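Laboratory data are not the source of any read-out in this text; all were calculated from the coordinates shown. Everything numeric here is computed off the predicted structure, so don't read it as measured data. Backbone-built Cβ (ideal geometry, glycine too); neighbour counts: all protein chains shown.
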C-alpha cells in the first residue's frame, strides 16, 4: 500500500467518523451553533460522509478521488474560516488545517494520476 492510499484511508475514516458524530453527539451540534452555522450542520455532516465515501471509491476510480479530496479540502478551508471568525486558538484550528493540507495533497497527487 502506497502513501497516497494510506492518506486516503486516514482521511476517509476520519471524515466518516466526524460526519456520523454530528448525528449522534450533541457536542458536535453545539459547535455549529457556536459558529453561528446551526442550519448548515447537517449539510456539512452529509458532505463529510459523502466525501469520505468518495475517497474510498477514489481508490478504484481516480475521478472520485479528485472530486472528493478537493471538496473535503474546501470544506476544511471553510471550517478554518468559521473557527477564525469565532476567534478560536491555533490548537482548535489545527485539526481542520491538518485535514485541509492532507486533502490538498491527495487532490494534487490525484490530478497527476488523471494526467497519466
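Extending 7 Å from the Cα toward the beta-carbon at both residue 39 and residue 101 defines two label points whose distance is 3.5 nm.
Label positions at residue 50 and residue 2, each projected 7 Å from the Cα along the C-beta direction, are separated by 2.9 nm.
Computed from the Cβ-Cβ distance with R0 of 30 Å, the FRET efficiency linking residue 84 to residue 20 stands at 0.70. Under the shape rule built on the C-alpha gyration tensor, where the axes satisfy a ≥ b ≥ c, the stretch 1-49 is prolate, since a/c reaches at least 1.5 and a/b is greater than b/c.
Per residue of the chain, the DSSP helices (runs of n ≥ 4 H) give a summed -39500 (n - 2.57) that works out to -29500 deg cm²/dmol at 222 nm. Label separation (residue 10 vs residue 111): 2.1 nm, computed from points 7 Å beyond Cα along the C-beta direction.
Checking the a/c ratio against 1.5 first, then a/b against b/c, what shape does the Cα gyration tensor give for the chain? It comes out prolate by the Cα gyration axes. On full extension, the segment bounded by residue 61 and residue 77 gains 3.3 nm, given 0.36 nm per residue less the C-alpha separation. Shown for 1, 28: other C-beta atoms within 10 Å of each C-beta, ranked fewest to most, produce the order 1, 28. Measuring nothing but how far apart in sequence close Cα pairs (under 8 Å, 6+ apart) lie, relative to its length, the stretch 3-115 scores a relative contact order of 28 percent.
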